[in-house]
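S.K.: Below is one structure. I have some questions about it.
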Amino acid sequence: MLAPSQCSGCAHTRPSNLAPVNSALATRPCRRGILPSKPSLQISCLAPLFPAHPLKLWTAKSVGRVTASAMAQAPMQPGAEEQRGVTMNQFLTWSGAPAQMILLMQALQTATKIIASKVASAGVEGLGDKLGAGADSGDRDAQKKLDVVANEVLKTALAASNVVGVMASEEDDEPCIVDGQDSSKHVVVFDPLDGSSNIAASIPTGTIVGVYARKGEDAAQDVLQPGEQQVAAAYSLYSSATMMVISVGSGTHGFTLLPTIGEFILTHPNISIPARGQMYSLNDARQHDWPAGLRNYITKIQKGEGQSGKQYSARYICSLVADFHRTLLYGGWAGNPRSHLRLVYEANPLSYLCEQAGGRGSDGVSHILSIPVTKLHQRLPFFAGSPEDISELESYGDVQQVGTKKYDV
């Protein structure tokens, strides 16, 4: 066994019983980056290894054999910023989230990992292909094979969590009642794979989720609660990295999947959308069909004649989760003036996340989260982003594109 050695990164001494098997590692810093993807350290306890440092990126999978009691000794963190680098499960536990909510979020993490893998291999497996003509429904878009796969993955994971009583999916015509008798279980609504039309082009896609408490004896009616009744929301982004952005009612936080350990790591604590941005996101090619108010507003901010006096830039991916995620981080707004997006599955969860981050969600006239839900696949115009930008947009009055015109692309 090697003698105790001094860490070159922070000058604290490693105990001799934790000396590296490979002596070449003995002088490496014990901060981020010490551990290779396949650890060569024989570790029996986590706390003595890093006694001077809060638990951050290292978890049971990343440091080797770590006992549950050692994990329990990890120091509590005072705030989200100090918790940067912890896993989502640790973050939720330290944040005081109810046990049922932690189990529900664990189910969403599992589903996200599986869907991310399927998205990455969709081209090889032919999952980007459309289903037959019979797959269309009056209130739903034409399905891709991957839509169906993602839908089944989410429903299976959520049902297995044993904390979900009712589910409603954008891909299904009716809610799915898992346990209609237990009123303590949650109601979960979701769009399994938003932006699936972009799969063949490898453009980012996402999953959107809203969570409610049961309210009454009629389980099917519980999915029609207004968005302001949500107790949590989340979206997953499948892009250059796989991310989950969540809120359980105490701010909005972003987690990035670290594939080497299979954990979602806190990378964006306490997301705060700027009060005003300098970007907007919508399809400019439809401007000839826009109402006068929206055309005037866009022209003003393009010229730098809006309230901020700055010229705005357009950033449009045509993938709602990707456009919304960029807006959440950089400010501005993203939306669609047509009655195209779904209130239950898209507008309400994203508005909840936006408002938890200090932003606003609107249909151009009304507060999204206050709009009554009258049917499961209800559609409406949707704008979300920086509060000052949304207020300025609404001030033009006529910003909703009325009519049922459809565009074939």
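S.K.: Identify, by number, the condition in (1) touching a helix residue (DSSP H, G or I) at 6+ places or on another chain (Cβ under 9 Å); (2) surrounded by fewer than 24 Cβ atoms within 10 Å (Cβ to Cβ); (3) not in a strand (DSSP E or B) that residue 351 doesn't meet.
M.R.: Every condition holds for residue 351 apart from (2).
S.K.: Restricting the range 156-174 to residues that are among the small types (Gly, Ala, Ser), within 21 Å of the chain's Cα centre (by Cα) and in a strand (DSSP E or B), which is farthest from residue 130 (Cα to Cα)?
M.R.: Ranking the qualifying residues of the range 156-174, first place goes to 168.
S.K.: Looking only at residues that are modelled with pLDDT of 80 or more and touching a helix residue (DSSP H, G or I) at 6+ places or on another chain (Cβ under 7 Å) in the range 123-144, which one is surrounded by the most Cβ atoms within 10 Å (Cβ to Cβ)?
M.R.: If we take residues in the range 123-144 being modelled with pLDDT of 80 or more and touching a helix residue (DSSP H, G or I) at 6+ places or on another chain (Cβ under 7 Å), then 144 is surrounded by the most Cβ atoms within 10 Å (Cβ to Cβ).
S.K.: Can you tell me which residue is surrounded by the fewest Cβ atoms within 10 Å (Cβ to Cβ) among those in the range 279-336 that are of a type in the set (S, T, N, Q) and either closer than 21 Å to residue 205 by Cβ or outside the structural domain of residue 350 (by TED's automatic domain parsing) (or both)?
M.R.: Filtering the range 279-336 for residues that are of a type in the set (S, T, N, Q) and either closer than 21 Å to residue 205 by Cβ or outside the structural domain of residue 350 (by TED's automatic domain parsing) (or both), the one surrounded by the fewest Cβ atoms within 10 Å (Cβ to Cβ) comes out as 283.
S.K.: Same structure, new question: Hey, does the range 384-391 have a residue that's in contact with a strand residue (DSSP E or B) (Cβ under 8 Å, 6 or more places away or on another chain) and either part of a strand (DSSP E or B) or closer than 30 Å to residue 220 by Cβ (or both)?
M.R.: yes
S.K.: For the range 182-192, indicate whether the set of residues that are polar (S, T, N, Q), under 22 Å from residue 353 (Cα atoms) and modelled with pLDDT under 95 is non-empty.
M.R.: Looking for residues that are polar (S, T, N, Q), under 22 Å from residue 353 (Cα atoms) and modelled with pLDDT under 95, one finds none in the range 182-192, hence no.
S.K.: Looking at the range 372-379, can you tell me whether even one residue there is closer than 17 Å to residue 292 by Cα and surrounded by fewer than 20 Cβ atoms within 10 Å (Cβ to Cβ)?
M.R.: Among the residues of the range 372-379, not one is closer than 17 Å to residue 292 by Cα and surrounded by fewer than 20 Cβ atoms within 10 Å (Cβ to Cβ), which makes the answer no.
S.K.: Residue 107 - would you say it is within 27 Å of residue 177 (Cβ to Cβ) and modelled with pLDDT of 95 or more?
M.R.: yes
The values are calculated or read from the model by the stated rules, or taken from the named source; none is laboratory data. All values derive from a computational prediction rather than experimental measurement. For neighbour counting, all protein chains shown are included, and Cβ atoms are generated from backbone atoms with ideal geometry for every residue, glycine included.
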